[in-house]
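Have a look at the structure below before the remarks.
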Amino acid sequence: MKRSVRERKRDVAVKAALDLVRERADLSARRNADPVAFVHLQKTHEDREIVGLLAAVCAFGNVTTIRQKLGELLHLIGPSPARAADAPEALFERLAGFRHRLFRGEDLARLLVGARRVQQASGTLGKAFQDELARADRELAGEVPEACFREALARFCDRIRAEGGFSKSGIPDPSRRRGPAHLLSDVRAGSASKRLLLFLRWMVRPADGIDLGLWSVPTTRLLIPVDVHIHKLSRNLGLATRGDLSWKTCVEITKALARLDPDDPTRYDFSLCHMGMVQRCPSKADAARCEGCGVQSVCIHWSLPRVLAPRVGQPP
Ligand code: SF4
């Protein structure tokens with residue numbers, strides 16, 4: 001649908017505000033405080049891919065705990081996580097006793113072994129994903145691009161699960177632990193799949209101090225990884241109207257961001273994440289808590305005339 005002059009002016013203002021947030025942020029401080037720092041520390045392409053997946057999969061909950069656990073985990077695994085996954089028995093032994101939230105060491109060992117086998121079979125994990133994307137584009141011709149992307153990601157995860165010996169419902173386990181089932185989310189089920197989309201962003205977006213630009217996949221195919229903070233800020237900026245944390249919401253926000261940068265919509269994930277980290281957003285006009293917010297000038301709670309305000313909570 002054609003956007004009105006006022007709506008286009010608003011897009012320009014939102015873009016300017018988000019660009020300024022990025023410009024003012026200290027990129028290296030942000031990287032060093034983020035799980036992606038562990039990926040940058042790896043020396044080889046194969047280790048960056050494997051550690052990228054591991055770090056993204058473990059990235060939920062408190063960021064300080066995530067970083068501490070990742071440090072512990074990588075110390076146990078040894079200098080080359082990709083090579084360590086070539087010897088599954090030794091890897092299972094090294095990780096025995098490790099715990100992070102839902103995951104046990106053995107769950108993460110399965111993930112590493114599965115990802116490493118896919119990496120070796122295709123040459124790189126990037127090539128494995130590219131092949132799945134090309135296949136999905138071919139087989140689902142006529143579908144919208146995000147549907148092909150979702151199917152490609154689902155098949156990529158299917159391959160890792162099959163090679164690692166776990167499934168979408170986990171592994172046969174009398175204790176009925178949920179850990180293995182949560183290693184890779186089931187994108188076909190419509191979940192937001194934040195950790196997988198974060199992994200893809202790290203691998204695909206051009207190297208900019210945070211993302212690594214390792215894979216030859218167009219940035220226009222990426223979807224923004226959405227968690228509760230990104231969702232809340234997106235609604236406050238009029239980029240989202242959906243009230244649920246789902247794949248459809250990721251698509252909605254990414255399409256809104258594509259109006260700001262059609263070639264690389266997920267570049268704005270950095271600014272939104274940064275706002276989520278530095279601002280305790282109340283999602284209402286609150287002079288004390290909104291003070292210093294870099295997007296206050298375009299926040300719907302402060303700036304948007306009623307006529308343009310999205311009907312938050314209702315489908316688009
Ligand atoms: S101005 Fe306030 S309500 Fe709006 S996004 Fe910023 S912190 Fe949140």
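The values are calculated or read from the model by the stated rules, or taken from the named source; none is laboratory data. Quick caveat, the model's predicted, so the values are computed rather than measured. Neighbour counts run over all protein chains shown; Cβ positions are idealised from the backbone, glycine included. Side chains are part of the model used for accessible areas, which takes the heavy atoms of the whole protein and leaves out ligands, DNA and RNA. Shrake-Rupley method; radii C 1.70, N 1.55, O 1.52, S 1.80 Å.
Enumerate the aspartates and glutamates that LYS127 could reach by cross-link, defined here as Cα to Cα under 14 Å, with residues fewer than 8 away along the same chain left out.
Straight-line reach from LYS127, under 14 Å: GLU46, GLU49.
Got a number for the accessible area of ARG110? Probe 1.4 Å, square angstrom, nearest 10.
In the full protein context, ARG110 sits at about 60 Å².
Which residue fluctuates most in the GNM of the chain (Cα springs below 10 Å): LEU76, LEU140, LEU53?
LEU140
Using helices alone, what [θ] at 222 nm do you get for the chain, with -39,500 (n - 2.57) per DSSP H run of 4 or more residues, divided over all residues and rounded to the nearest 500?
Calculated from helices alone, the mean residue ellipticity at 222 nm is -16500 deg cm²/dmol.
Straight-line reach from LYS15: which aspartates and glutamates fall under 17 Å, measuring Cα to Cα and dropping same-chain residues less than 8 apart?
Leaving aside aspartates and glutamates fewer than 8 places away in the same chain, those within reach of LYS15 are GLU7, GLU23, GLU252, ASP261, ASP263, ASP264, ASP269.
Please work out how much length the chain gains when fully extended from ALA13 to ARG83, using 0.36 nm per residue of separation minus the C-alpha to C-alpha distance, in nm with one decimal.
20.4 nm
Given 25 °C and 0.890 mPa s, how large is the Stokes-Einstein diffusion coefficient of the stretch 127-237 in µm²/s, with Rh as the Kirkwood radius over Cα pairs?
It diffuses with D of about 160 µm²/s by this estimate.
Where does the charge balance sit around ASP264 when Lys and Arg score +1, Asp and Glu -1, over other residues with C-beta under 14 Å from its C-beta?
Working: positive: LYS15, ARG22, ARG201, ARG205, ARG221, LYS255, ARG259, ARG267; negative: ASP19, ASP208, ASP211, ASP261, ASP263, ASP269.
Local charge sum for ASP264: +2.
If you build the Cα gyration tensor of the stretch 33-191 and take the root of 5 times each eigenvalue, what three semi-axes come out, in whole angstrom, biggest first? Numbers along the way, then the final one.
Details: eigenvalues 131, 64, 49 Å².
The three semi-axes for the stretch 33-191 are 26, 18, 16 Å.
Where Rh is the Kirkwood radius over the Cα pairs of the chain, the temperature 10 °C and the viscosity 1.306 mPa s, what D in µm²/s does Stokes-Einstein return?
The estimated diffusion coefficient comes to 78 µm²/s.
Within the stretch 93-183, which GluC sites (Glu not before Pro) sit in a loop by DSSP and count at most 15 neighbouring Cβ atoms inside 10 Å?
Listed in order of number, the matching sites are GLU143.
Using the structure shown, select from LYS43/LYS168; LYS43/LYS248; LYS194/LYS284 the pairs with a Cα to Cα distance greater than 29 angstrom.
With Cα atoms farther than 29 Å apart: LYS43/LYS168; LYS43/LYS248.
Carbon and sulfur atoms: what percent of the 1.4 Å accessible area of the stretch 33-191 do they account for?
51 percent
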